[in-house]
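A short reminder: the numbers here are calculations on the coordinates, not readings from a lab. It should be emphasised that the depicted structure is a prediction, and the values quoted were computed from it without experimental measurement. Heads up, the Cβs are rebuilt from the backbone with ideal geometry, glycines too, and the neighbour counts pull from every protein chain shown.
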Amino acid sequence: MSIDHPDTALNQHDRDYHVLLEAIPDLMLRLSREGLCLDYRLPQSFQACNAEMDWQGRFLWEFMPLNLADLRMEFVERAIITNEVQLYEQRIEVDGWVQYEEVRVMRCNDQEVLVIVRDVSDRKYAEQALQQSEARFQRLAANVPGMLYQFRLAPDGTQSFPYVSAFAEEIWEIEPDISV
């Protein structure tokens, strides 16, 4: 029977914790209430402003655009005061590329927060592409000389018109999403 030495168990716990952190693709910062970076983890795959700089011991304003640092500090203060997770999105330019980020700010104590920043650019660009596609479709549908509609027959026999052009709506007096 072997008895684990407390240091061995602690070292294993540290290794396990490190593996968990390495699996997270997000930027993580521990900030003071004044905006001082106490600690951070910047994955190599994450694109960040001034990534080559050591942020530890520096204020946000030293490594982030001023407007975004000011915004972050508003959420830092709100998280500390309310003790609720604060969530917001920001748009930032990194090396000539526009990146969209989701930022979560969580209170650690009355003087510190944990900030987790996730790159959501792929989702934002997909949303923009979908909006552009929908706008193109709406322009096309508005200019089609005839009636344009989408008829859907569900496996249970339910019928609906998810899309009805303005002309078809006017002639048939049918509105979109009306089940028949």
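Values as computed for the structure displayed
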quantity	calculated
Calculated FRET value between Cys49 and Asp110, using beta carbons and R₀ = 22 Å, to 0.05	0.15
Value of relative contact order over segment 6-124, rounded to a whole percent, pairs C-alpha under 8 Å and six or more apart	24
Ranked Ser121, Ser45, criterion: other C-beta atoms within 10 Å, fewest first	Ser45, Ser121
For segment 106-165 versus segment 6-85, the gap between their alpha-carbon centres in whole angstrom	32
Within the chain: Cβ-based charge dipole about Cα centre, in debye rounded to nearest 20 (Lys, Arg +1; Asp, Glu -1)	240
Reference-scaled alpha-carbon Rg (2.2 N^0.38 Å with N residues) for the chain	1.62
Estimated FRET transfer efficiency when R0 is 22 angstrom, pair Ala166-Ala126 (beta carbons, to 0.05)	0.20
Theoretical ellipticity at 222 nm over the chain - DSSP helices of four or more residues, -39500 (n - 2.57) apiece, nearest 500	-12500 deg cm²/dmol
Cα long-axis angle, helix 6-23 against the chain (0 to 90 degrees, to the nearest 10)	30
